[in-house]
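Take a look at the structure set out below.
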């Protein structure tokens with residue numbers, strides 16, 4: 001098989017159910033890397049449909065593609081709109097562990 005025949009990897013192809021989606025986003029937040037969080041939310045957005053997310057979040061579809069792309073630089077307000085529109089919630093644990 002030639003390299004040109006290989007399909008480009010798209011994480012959205014593997015987000016088939018809500019449990020997988022929650023684990024995907026939770027893992028990204030646990031890592032704490034803003035780019036990874038942005039990419040995870042972008043994968044979920046693609047898996048569920050960017051047009052529906054644009055409607056539910058109140059953010060234009062083109063702006064979502066830019067904000068959630070690898071090179072995007074989404075504002076926190078946009079991220080929160082996306083999180084809410086996806087039906088996800090950010091929570092803070094009642095106990096905070098000390099950093100080593």
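Which count do you get for residues in the range 62-89 that are at pLDDT below 90, under 24 Å from residue 8 (Cα atoms) and surrounded by fewer than 13 Cβ atoms within 10 Å (Cβ to Cβ)?
3
Which residue out of 28, 45 is under 21 Å from residue 81 (Cβ atoms), surrounded by 19 or more Cβ atoms within 10 Å (Cβ to Cβ) and touching a residue at least 24 places away in the same chain (Cβ under 8 Å)?
Working: 28 fails: touching a residue at least 24 places away in the same chain (Cβ under 8 Å).
None of the other options fit; the residue is 45.
Would you confirm, using the coordinates I've provided, whether residue 59 is modelled with pLDDT of 90 or more, surrounded by 18 or more Cβ atoms within 10 Å (Cβ to Cβ) and over 29 Å from residue 96 (Cα atoms)?
Details: modelled with pLDDT of 90 or more: yes; surrounded by 18 or more Cβ atoms within 10 Å (Cβ to Cβ): yes; over 29 Å from residue 96 (Cα atoms): yes.
Yes: the conditions hold for residue 59.
Given the structure, is residue 92 under 18 Å from residue 25 (Cα atoms), loosely packed, with under 11 Cβ neighbours inside 10 Å and at pLDDT below 90? Step through it out loud before you land on a result.
Numbers: under 18 Å from residue 25 (Cα atoms): yes; loosely packed, with under 11 Cβ neighbours inside 10 Å: yes; at pLDDT below 90: yes.
When the stated conditions are applied, residue 92 passes them.
Could you please find all residues in the range 1-12 being assigned to a helix (DSSP H, G or I) and touching a residue at least 24 places away in the same chain (Cβ under 8 Å)? Outline the logic, then answer.
Going through the range 1-12, the residues assigned to a helix (DSSP H, G or I) turn out to be 3-5, 11-12.
Hits for the range 1-12 are 11, 12.
For residue 35, which of the numbered conditions (1) surrounded by fewer than 13 Cβ atoms within 10 Å (Cβ to Cβ); (2) closer than 20 Å to residue 24 by Cα; (3) at pLDDT below 90 fails to hold?
Evaluating residue 35 over (1) surrounded by fewer than 13 Cβ atoms within 10 Å (Cβ to Cβ); (2) closer than 20 Å to residue 24 by Cα; (3) at pLDDT below 90 leaves (1) as the failure.
The values are calculated or read from the model by the stated rules, or taken from the named source; none is laboratory data. Everything numeric in this text was worked out from a predicted model, so none of it was measured. FYI the Cβ positions are ideal-geometry reconstructions off the backbone, even for glycines, and counts take in every protein chain you see.
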